[in-house]
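K.L.:
Okay, here's the structure, questions in a sec.
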Amino acid sequence: MSIDVYLNGEFLPIEKARVSVTDRGFLFGDGVYEVIPVYAGHLFKLQHHLQRLHNSLRGIGMANPHTQSEWQEILTRLTAQLGSSDQALYLQVTRGCTDVRDHAWPENIEPTIYARTKPLKTPTAEEKRRGIHAITLDDPRWKLCNIKAITLLANVLARHEAKQAGAQEAILISDDLATEGAASNLFIVRDKLLMTPPKSDSLLPGITREIVLELAKRHGIPYAEANIAAGDLHTADEIWMSSSTKEILPVLKLNGQSIGNGVAGALWEEMNTLYEACKQRLRQGEEI
Ligand code: PDD
């Protein structure tokens with residue numbers, strides 16, 4: 001049994017990890033999470049993920065139970081258990097356990113801190129190039145989508161509806177604007193300009209989104225953080241979805257209609273190459 005879990009101060013195999021049914025994460029979805037990719041044992045953009053975790057905790061009125069360096073120590077110790085492999089590290093902090101089920105939380109409640117690492121298999125270049133199909137759906141979510149909350153029922157239903165339609169992702173539409181995917185951020189390319197919706201409470205500030213913008217800036221690719229009208233999606237030259245585990249995927253069909261020429265676009269090729277180079281540098285322990 002390999003040690004792949006950290007739970008409230010202990011390093012354990014998943015079979016030994018137990019939380020109480022009185023945990024508010026279980027009862028209310030009262031908690032926040034992160035998903036951090038690990039390449040050859042190196043955590044990708046850890047400080048960015050820890051900052052977002054801090055913001056999410058603050059957003060739900062919780063104190064951060066650890067300093068950045070304590071988190072770093074816990075997470076590097078956990079991922080070292082799987083050696084220098086590629087991993088997906090899941091980290092969750094819930095408000096903790098209470099005897100009485102009350103929506104309002106009591107003072108002096110101890111959070112439940114859980115992390116699990118698993119082997120990560122990112123899509124190959126060929127799989128990425130084959131792209132995904134997406135559908136558009138009305139965004140039924142709340143007004144705190146910038147918080148990475150474990151309360152994901154709306155996202156779960158959206159992804160399920162996409163799957164039922166033979167697609168892999170749902171692009172969510174709020175007030176006629178495309179915000180993000182059920183579990184990814186959205187980019188479009190129009191006349192060689194890369195666009196993504198600006199940060200707001202309608203979408204998660206994705207770390208992969210941030211890296212894509214950073215790479216565009218560094219390599220002179222014209223980009224803008226600007227609203228994307230739902231109607232702009234079908235006329236886009238390219239559409240991409242980004243996330244920590246799937247990286248950057250081109251959308252080749254939206255609602256059954258081809259996007260651009262129906263193949264992965266030239267700017268996606270360029271960005272994917274830049275992203276892969278970033279990962280490669282990290283694998284060799286270099287700064288990225
Ligand atoms: N989800 N938007 C939503 C709603 C997401 O759930 C995610 C990621 C993203 C992309 O964020 P990042 O680039 O930081 O991974 C955007 C993770 C991977 C998940 O829930 O498994």
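K.L.:
Sort out which residues of segment 27-54 are in contact (Cβ under 8 Å) with a residue 40 or more places away in the chain and under 22 Å from Ile109 (Cβ atoms), and write them in order of number.
P.N.:
Those that are in contact (Cβ under 8 Å) with a residue 40 or more places away in the chain and under 22 Å from Ile109 (Cβ atoms): Leu27, Phe28, Gly29, Asp30, Gly31, Val32, Tyr33, Glu34, Leu53.
K.L.:
Could you go through segment 92-106 and let me know if any residue there is part of a helix (DSSP H, G or I) and surrounded by 13 or more Cβ atoms within 10 Å (Cβ to Cβ).
P.N.:
From segment 92-106, those part of a helix (DSSP H, G or I) are none; that's our starting set.
For segment 92-106, residues part of a helix (DSSP H, G or I) and surrounded by 13 or more Cβ atoms within 10 Å (Cβ to Cβ): absent.
K.L.:
Just give me the residues in segment 168-186 being over 19 Å from Gly265 (Cα atoms) and more than 13 Å from the ligand (Cβ to nearest atom), in sequence order.
P.N.:
Listed by number, the residues that qualify are Ile173, Asp175, Asp176, Leu177.
K.L.:
Of everything in segment 61-85, what is surrounded by fewer than 19 Cβ atoms within 10 Å (Cβ to Cβ) and part of a loop (DSSP other than H, G, I, E, B)? Give them in sequence order. Spell out the reasoning first.
P.N.:
Quick first cut of segment 61-85, residues surrounded by fewer than 19 Cβ atoms within 10 Å (Cβ to Cβ) only: 61, 63-70, 72-74, 76-77, 80-81, 83-85.
Across segment 61-85, the qualifying residues are Gly61, Ala63, Asn64, Pro65, His66, Thr67, Gln81, Gly83, Ser84, Ser85.
K.L.:
Determine whether Leu204 is under 21 Å from Ala134 (Cα atoms) and either out of contact with any helix residue (DSSP H, G or I) (no Cβ under 8 Å at 6 or more places or on another chain) or surrounded by fewer than 17 Cβ atoms within 10 Å (Cβ to Cβ) (or both). I'd like the intermediate steps shown before the answer.
P.N.:
Working: under 21 Å from Ala134 (Cα atoms): yes; either out of contact with any helix residue (DSSP H, G or I) (no Cβ under 8 Å at 6 or more places or on another chain) or surrounded by fewer than 17 Cβ atoms within 10 Å (Cβ to Cβ) (or both): yes.
Answer is yes for this residue.
K.L.:
Now for a separate question. Take the conditions surrounded by 20 or more Cβ atoms within 10 Å (Cβ to Cβ) and among the hydroxyl-bearing types (Ser, Thr, Tyr) and apply them to Thr117. Does it pass? Reasoning before the result, please.
P.N.:
Numbers: surrounded by 20 or more Cβ atoms within 10 Å (Cβ to Cβ): yes; among the hydroxyl-bearing types (Ser, Thr, Tyr): yes.
So Thr117 passes the test.
K.L.:
For Thr124, are the conditions met, namely being without any contact (Cβ under 8 Å) to a residue 12 or more places away in the chain and closer than 21 Å to Ile36 by Cα? First the steps, then the outcome.
P.N.:
Working: without any contact (Cβ under 8 Å) to a residue 12 or more places away in the chain: yes; closer than 21 Å to Ile36 by Cα: yes.
Considered against the rule, which asks whether it is without any contact (Cβ under 8 Å) to a residue 12 or more places away in the chain and closer than 21 Å to Ile36 by Cα, Thr124 comes out as yes.
K.L.:
Tell me which of these Tyr114 doesn't satisfy, since it passes every other one: (1) over 17 Å from Ser20 (Cα atoms); (2) in contact (Cβ under 8 Å) with a residue 40 or more places away in the chain.
P.N.:
It fails just one condition, (1).
K.L.:
Scan segment 8-49 for residues that are more than 16 Å from the ligand (Cβ to nearest atom) and either outside the structural domain of Trp71 (by TED's automatic domain parsing) or in contact with a helix residue (DSSP H, G or I) (Cβ under 6 Å, 6 or more places away or on another chain) (or both) and jot them down. Spell out the reasoning first.
P.N.:
So the first thing to find is which residues in segment 8-49 are more than 16 Å from the ligand (Cβ to nearest atom), and the list is 8-24, 26-28, 30, 40-42.
If the condition is that a residue be more than 16 Å from the ligand (Cβ to nearest atom) and either outside the structural domain of Trp71 (by TED's automatic domain parsing) or in contact with a helix residue (DSSP H, G or I) (Cβ under 6 Å, 6 or more places away or on another chain) (or both), then Asp30, Ala40, His42 are the ones that fit.
K.L.:
Let me ask something additional. For segment 249-272, give me each residue that is assigned to a helix (DSSP H, G or I) and over 20 Å from the mean Cα position of the chain (by Cα).
P.N.:
Taking segment 249-272 first, the residues assigned to a helix (DSSP H, G or I) are 266-272.
Residues satisfying the conditions are Ala266, Leu267, Glu269, Glu270.
K.L.:
Does Leu152 meet the test of being within 9 Å of the ligand (Cβ to nearest atom), at negative phi and either surrounded by fewer than 21 Cβ atoms within 10 Å (Cβ to Cβ) or not assigned by TED's automatic domain parsing to the domain that holds Ala134 (or both)?
P.N.:
In short, yes.
K.L.:
Determine whether Lys163 is away from the ligand (no atom under 11 Å from the Cβ), surrounded by fewer than 16 Cβ atoms within 10 Å (Cβ to Cβ) and without any contact (Cβ under 8 Å) to a residue 24 or more places away in the chain.
P.N.:
Against the criterion (away from the ligand (no atom under 11 Å from the Cβ), surrounded by fewer than 16 Cβ atoms within 10 Å (Cβ to Cβ) and without any contact (Cβ under 8 Å) to a residue 24 or more places away in the chain), Lys163 qualifies.
K.L.:
Is at least one residue of segment 156-168 at pLDDT 95 or above and in contact with a helix residue (DSSP H, G or I) (Cβ under 8 Å, 6 or more places away or on another chain)? Even if it seems obvious, please write down each step before you answer.
P.N.:
First, pick out the residues of segment 156-168 that are at pLDDT 95 or above: 156-168.
Now drop any that are not in contact with a helix residue (DSSP H, G or I) (Cβ under 8 Å, 6 or more places away or on another chain), which leaves 168.
Looking through segment 156-168, at least one residue is at pLDDT 95 or above and in contact with a helix residue (DSSP H, G or I) (Cβ under 8 Å, 6 or more places away or on another chain).
K.L.:
Would you point out the residue of segment 187-240, among those that are under 22 Å from Arg141 (Cα atoms) and of a type in the set (D, E, K, R), that is farthest from the ligand (Cβ to nearest atom)?
P.N.:
Restricting to residues being under 22 Å from Arg141 (Cα atoms) and of a type in the set (D, E, K, R), the top hit is Asp232.
The values are calculated or read from the model by the stated rules, or taken from the named source; none is laboratory data. This structure is a prediction, so every number in the text was calculated from the model and none was measured. Cβ atoms come from the backbone with ideal geometry, glycine included; neighbour counts cover every protein chain shown.
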